[in-house]
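The values are calculated or read from the model by the stated rules, or taken from the named source; none is laboratory data. All values reported here derive from a predicted model rather than from experimental measurement. Positions of Cβ are backbone-derived with ideal geometry, glycine not excepted, and every protein chain shown enters the neighbour counts. For accessibility, only protein heavy atoms count, side chains too; no ligands or nucleic acids. Shrake-Rupley method; radii C 1.70, N 1.55, O 1.52, S 1.80 Å.
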Amino acid sequence: MDYSSFPKHNVLCIDMRSFYASIECVKRGLDPMTTMLAVVGDKNRSGSIILAASPALKQRHGVKNVSRYFELPKDPAIYVVEAKMGDYVNMSMQITKLLHHYVPKEAIHPYSVDEMWITVDGLEHLYGNARHVAQMIKDEIYDTMGLTCAIGIGDNKFLAKVVMDLYAKKTGIATCRYQDVERLLWPVPIEKIWGIGRRLTIHLNRMGIVYLGQLANYRLDRLKKRFGVIGEQLYWHAWGVDLSPVYDSFGNKEEQKGFGHGITLLRDYTAEETLTCILDLCEEVCRRARTHQRAGRTIHLGIGYADNSGGFHRSRSLHLPTNVTMDIYHICLQLFHQFYNRHSKIRRVTVSLNNLYDDIETQLNLFEDQPKKKDIGYVMDTIRAKYGSTAILRATSYTEAGITRERSKKIGGHYA
């Protein structure tokens, strides 16, 4: 492969190690690397997921972030704390502010609350090469916040991310340039490569592709025929080539494709309770749509039954776009009554509004005051924006089946 025509940057991928658990350790004056600590969503629920485990807990007891609370060993040395998402988001913002001291905002590309890319092109005359910059950032984060991180360095985002996952989490800092791809990445099983999930791994294994090097040397035309554009991306990633932008253009925001909300319920819901949940979700979806001055024609309802026993995902389109809560709710009711298996309990509900248009026109109706219905929604949004998301709610939100009040206390599904 001739890499001379491909962009070559100094991209760092920074991953905060056991971010939630490390923050909780620091808050308690404990060493994040030696303390055994688990962060759970809800200590009152034995089935609650362990959101984060400290490195010592992972090493000593093999606890994983997808384990359940009841699976924790009965070790008195283990600290168990509830997640405080507000603290984690604030710490993530502090880390981003620290990075602003090194690079402009367009050179920072957040990937998640605890992981981000930054492009450090042109800093050689100030701080030295990319590895020196990575070490400075790593040291400053530890000195100022008490948190450790792993940093991958590459010519593009893909190389920085993959070398961070495979090597930097063990060594602290690792580098992979174009010329290192064959040596560092090709011997790696494909399921360990970022972007290749379990199902894709199965398909590739059936084609005789087990290691990344085999993927790189597979015929491109056959990959494209089998997987389409994904096949082409797999091929180029196997060679370490990634043409995604390493600088964010804040002036050109990607157009919103739709608005959706979903929830995994804490208990099994009956059909009647689910209707209350659907109404709350419709309200949230429409509020977001109105905030962006958008309306949609296609309403999607997803229902997941308890015990992974199935469910359905169905949609219906209207002749005219809308962002009126009750319009969308009535469509969801139709879908629910048409496709719901009446003997099943419900554990997950999603509602989305797609096929968007600018909310600039209202079709008049002889039997309904459509402009008034829209105005009511915007007035409710104004009240919530000024006095809080729960300042004005529908009566059903105050029933035991309502979800809005509880969701308002959470960030990312967990308590703030």
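Sorting check: for 9-20, 217-228, 42-53, 172-183, which peptide has the highest mean count of neighbouring beta carbons within 10 Å, and how do the rest follow?
Working: 9-20: 23.6, 217-228: 13.6, 42-53: 16.6, 172-183: 18.3.
Put in order of decreasing packing, that is 9-20, 172-183, 42-53, 217-228.
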Ranked highest first by the average count of other Cβ atoms within 10 Å around their residues, in what order do 110-119, 92-101 fall?
110-119, 92-101
Kyte-Doolittle cut-off -0.5, length cut-off 15 Å along the helix's own axis using Cα: show which whole DSSP H helices in the chain pass.
85-99, 130-145, 271-291, 325-339
What accessible area per residue, rounded to a whole number of Å², is obtained for region 251-356 using a probe radius of 1.4 Å?
50
Show the residues, 5+ positions off or on another chain, whose built amide H is closer than 5 Å to the amide H of L51.
V39, V40, G41
What does the charge dipole of the chain about its Cα centre add up to, to the nearest 20 debye, if the Cβ of each Lys and Arg holds +1 and the Cβ of each Asp and Glu holds -1?
1020
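With only alpha-carbon atoms in the gyration tensor, what are the semi-axes of the equivalent ellipsoid for region 183-235, in Å, largest first? Intermediate results must be reported in sequence, preceding the final value.
Working: eigenvalues 51, 30, 20 Å².
Ellipsoid half-lengths, sorted descending, are 16, 12, 10 Å.
Can you give me the convex hull volume of the Cα atoms of the chain, divided per residue and expressed in Å³? Walk me through the numbers on the way to the answer.
Working: hull volume 80.9 nm³, N = 416.
Spelled out: Cα convex hull of the chain, divided by residues, is 194 Å³.
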Just the accessible area for L266, please: 1.4 Å probe, Å², rounded to the nearest 10?
100
Distribution of pairwise C-alpha distances over region 169-261, 5 Å bins, in %:
2, 11, 19, 20, 14, 13, 10, 8, 1
Report the label-to-label distance for A395 and Q338 in nanometres (one decimal), using points 7 Å from each Cα along the Cα→Cβ vector.
3.0
Students often get this wrong, so check it: of K58/K169; K157/K192; K27/K74; K43/K84, which have C-alpha atoms separated by over 19 Å?
K27/K74
With the dipole of region 177-275 defined by +1 on each Lys or Arg Cβ and -1 on each Asp or Glu Cβ, the option from N217, V246, L265 whose Cα lies farthest towards the positive pole is N217
If you roll a 1.4 Å probe over the heavy atoms of the protein chains, what accessible area per residue do you get for region 1-142, in Å²?
50
Carbon and sulfur: what percent of region 17-96's accessible surface (1.4 Å probe)?
50
What aspartates and glutamates sit close enough to K257 to cross-link, taking a C-alpha to C-alpha distance under 17 Å and skipping anything fewer than 8 places away on the same chain?
E284, D358, D359
